[in-house]
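Report on the structure given below.
The values are calculated or read from the model by the stated rules, or taken from the named source; none is laboratory data. This is a predicted model, so every value here is computed, not measured. All Cβ positions, even for glycine, are placed from backbone atoms using ideal geometry, and neighbour counts span all protein chains on display.
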């Protein structure tokens, strides 16, 4: 198979929505079982298993069996780098449907927590952003955000694989502020912002409402979120 044919085949795999969601979730974790992937990606188990099969045959995902469980992971960091490049290109060329310019949305659920591109916005998103700053997880250096060494320990302790997000290289695409339209406050964008949201899904704290930008937290999930990202007052 020629290089062009190989690239075309991989692009076709990534273009499938279920495959794209599965790959996005795996970008934030060392390994995940199929049920964990299903919950985090918001897919049925049957669709998830089919996506894993396609991606495994396509050379993008590796599966290992331990007892009765099958653990999935990306085949290598080059896969994560390629996917992150596609995410950056998409974010740079496509306006967000989640952040209207006129700021007229008044739905309390949208104001509380919603999807913006691939990350958490709304009151919950700005809370997380403030908490990360106050605890020294991220700092502002000139006009960019940087993840600190304390931040690295916190993020990895939260279950996010930083190697898949480009840790050790330029952090410009990993940590970016994104302006919240409702109260003109920032929330966290970039690959790290997306990784936090995927991890929140994986923990079962929240789930995106079908057919909407609304992200709904369970009562237990909201309590755990606020304990993990505390702010004074």
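Of note:
- Selection of first residues in the stretch 136-152 that are farther than 14 Å from residue 192 by Cβ and of second residues that are in a strand (DSSP E or B) and modelled with pLDDT under 90, restricted to Cβ pairs under 8 Å at least 6 apart or on distinct chains, gives the following pairs, ordered by first then second residue: 140/146.
- Per-region count, the stretch 125-144, residues within 11 Å of residue 231 (Cβ to Cβ) and either in a helix (DSSP H, G or I) or touching a strand residue (DSSP E or B) at 6+ places or on another chain (Cβ under 6 Å) (or both): 9
- Taken over the stretch 127-142, residues that are under 16 Å from the mean Cα position of the chain (by Cα) and farther than 15 Å from residue 174 by Cα amount to 1.
So that you can scan it fast, the table gives a plain yes or no per residue for (1) surrounded by 17 or more Cβ atoms within 10 Å (Cβ to Cβ); (2) modelled with pLDDT under 90:
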{"position": "159", "(1), (2)": "no, no"}
{"position": "170", "(1), (2)": "no, yes"}
{"position": "180", "(1), (2)": "yes, yes"}
{"position": "202", "(1), (2)": "yes, yes"}
{"position": "212", "(1), (2)": "no, yes"}
{"position": "230", "(1), (2)": "no, no"}
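- Flag for residue 197 being surrounded by 21 or more Cβ atoms within 10 Å (Cβ to Cβ), modelled with pLDDT of 85 or more and assigned by TED's automatic domain parsing to the domain that holds residue 149: yes
- Positions within the stretch 145-169 being assigned to a helix (DSSP H, G or I) and in contact with a helix residue (DSSP H, G or I) (Cβ under 7 Å, 6 or more places away or on another chain), in sequence order: 152, 155, 156, 162, 163, 164, 165
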